[in-house]
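Notes follow once the structure below has been shown.
The values are calculated or read from the model by the stated rules, or taken from the named source; none is laboratory data. Remember, predicted model here, so these are calculated numbers, not experimental data. Heads up, the Cβs are rebuilt from the backbone with ideal geometry, glycines too, and the neighbour counts pull from every protein chain shown. Accessible surface areas use protein heavy atoms only, side chains included; no ligands, DNA or RNA. Shrake-Rupley method; radii C 1.70, N 1.55, O 1.52, S 1.80 Å.
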Amino acid sequence: IAAVHARFGALRRGTREEIWEAFVSAVEPAAAALERARPTAGEGEAIFVSIASYRDASLNRTLHEVFGRARHPDRVVAGVVTQNCEERCKTGVRVLSTAPLRTAILDAPPDRDGVAEFCASSPHC
């Protein structure tokens, strides 16, 4: 996503064709890498688990539970799409006081990479 945003930012006011080319040139290398890294399941039918993760600090634990509870973890193939903040991160709206009501959006550290954490601690990656 960062590569797409960088290419779009560089265009500013591109034509439809330039925007499409910027998108394709950013996405194609990632898609090719995914194709080369396509996982294979063990003996028997694959069990596909799809996970969409938005700034989820518990993704690592979720993946451990998926594989840990599976009767045949060697047949599990997890497709994970993450949307994490990597720089200039903010919190959601925080209530600072209720009387009078005061709220703020604060600076926050980058989100944890749950997939990397899982892969560093699991034989199923």
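For the stretch 41-106, run through the GluC sites (Glu not before Pro) and keep only the ones in DSSP coil with at most 15 other Cβ atoms within 10 Å of their Cβ. Please report the intermediate quantities before stating the final value.
Numbers: sites: E43, E45, E65, E86, E87; in loops: E43, E45, E86, E87.
Sparse-neighbourhood loop GluC sites (Glu not before Pro): E43, E45, E86, E87.
Averaging the Cα positions of each part gives two centres, and for the stretch 77-92 and the stretch 3-30 these lie 21 Å apart. Of the beta bridges in the chain, as assigned by DSSP with both residues counted there, near 45 percent are antiparallel.
Karplus-based coupling profile of the stretch 106-120, in residue order and whole Hz: 10, 5, 9, x, x, 6, 6, 8, x, 5, 5, 4, 5, 5, 6, with θ = phi - 60° in 6.51 cos²θ - 1.76 cosθ + 1.60 and x standing for Gly or Pro. Over the stretch 46-125, accessible surface divided per residue gives 72 Å², non-protein components excluded, 1.4 Å probe.
Comparing A108, A70, A99 in a Gaussian network model of the chain, where Cα atoms under 10 Å apart are tied by springs, the biggest mean-square fluctuation is seen for A99. Karplus-derived 3J(HN,Hα) values for the stretch 60-68, using 6.51 cos²θ - 1.76 cosθ + 1.60 with θ = phi - 60°, are 4, 5, 4, 5, 4, 5, 4, 6, x Hz; glycine and proline are entered as x. Nonpolar atom fraction for the chain, defined as the carbon and sulfur part of the 1.4 Å probe accessible area, stands at 55 percent.
Rolling a 1.4 Å probe across all protein chains gives R102 an accessible area of roughly 130 Å². Close amide H partners of V77, meaning residues 5 or more places away or on another chain with modelled amide H under 5 Å apart, are I47, F48, V49. In the elastic network of the chain, a GNM with C-alpha springs shorter than 10 Å, the most mobile of A26, A57, A78 is A26.
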